[in-house]
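Shown below is the structure under consideration.
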Amino acid sequence: IAHDLQRIIYSFKRKGLLDPLGPAGFNAMNQMICSMVEQLTAMERVATTPIPISYGIHLKQCVTLYLFSLPFTLINDMHWKTVPLVTLVAFTLMGIEGIANEIEMPFGKKSADLPLQQYCEALRSEIEYMIERLPEGPEDDDIYEEELQDD
């Protein structure tokens, strides 16, 4: 998609359709495409790099061991207050571990995942907005169709 966008922009430039935008506008369009590719690469990196299963197991074991040993270290100093304190600490640590499991893969269809459809719709509307404001070419000259036929 990015390659096709670049080809279309360069075709528009060769035809003189981007002259009113000047070099700054042309460079801004190129920069937006480069930024889009960088963001896509970052999202793919997040989506395809899972946390190794051994890390998750080790984390659960460490948290469990800590929570089992915590009452024994606090009972002499805190007495009956140990129970609510350990409960609060357990709730907090288990909650953090649960959140880590949930956000490990943010690109899915669950309600807690990122709303990619909304992001894509917003991006589409911005692109359509920019396309509507591009200078018009000759009526019979469909540059996009010419670019597709060249392939």
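The values are calculated or read from the model by the stated rules, or taken from the named source; none is laboratory data. Note that this is a predicted model, so its numbers are computed, not measured. Here the Cβ is made from the backbone with ideal geometry for all residues, glycine too, and neighbour counts use every protein chain on show. All accessible areas refer to the heavy atoms of the entire protein, side chains included, with ligands and DNA or RNA removed. Shrake-Rupley method; radii C 1.70, N 1.55, O 1.52, S 1.80 Å.
Here's the yes/no breakdown for (1) more than 21 Å from ARG124 (Cβ to Cβ); (2) in contact (Cβ under 8 Å) with a residue 24 or more places away in the chain; (3) open to solvent by 90 Å² or more (accessible area, probe 1.4 Å); (4) touching a Lys or Arg at 6+ places or on another chain (Cβ under 6 Å):
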| position | (1), (2), (3), (4) |
| --- | --- |
| ILE1 | no, no, yes, no |
| LYS15 | yes, yes, yes, no |
| MET32 | no, no, yes, no |
| SER54 | yes, no, no, no |
| HIS58 | yes, no, yes, no |
| LEU65 | yes, no, yes, no |
| HIS79 | yes, no, yes, no |
| MET105 | yes, yes, no, no |
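For the range 81-103, give me the residue count where each residue is closer than 14 Å to LYS60 by Cα and either open to solvent by 60 Å² or more (accessible area, probe 1.4 Å) or touching a His at 6+ places or on another chain (Cβ under 6 Å) (or both). Walk me through how you get there before you give the answer.
At the first step, the residues of the range 81-103 found to be closer than 14 Å to LYS60 by Cα are 90-101.
Okay, now just the ones that are also either open to solvent by 60 Å² or more (accessible area, probe 1.4 Å) or touching a His at 6+ places or on another chain (Cβ under 6 Å) (or both), so 91-92, 94, 96, 99, 101.
Residues flagged as closer than 14 Å to LYS60 by Cα and either open to solvent by 60 Å² or more (accessible area, probe 1.4 Å) or touching a His at 6+ places or on another chain (Cβ under 6 Å) (or both) within the range 81-103 amount to 6.
Then there's this: Within the bounds of the range 98-105, is there any residue that is touching a Leu at 6+ places or on another chain (Cβ under 7 Å) and of a type in the set (Gly, Ala, Ser)?
In the first step, residues of the range 98-105 are kept if they are touching a Leu at 6+ places or on another chain (Cβ under 7 Å); the result is none.
No.
Would you be able to tell me the number of residues in the range 107-136 that are open to solvent by less than 60 Å² (accessible area, probe 1.4 Å) and under 30 Å from THR64 (Cβ atoms)?
Final tally of qualifying residues: 3.
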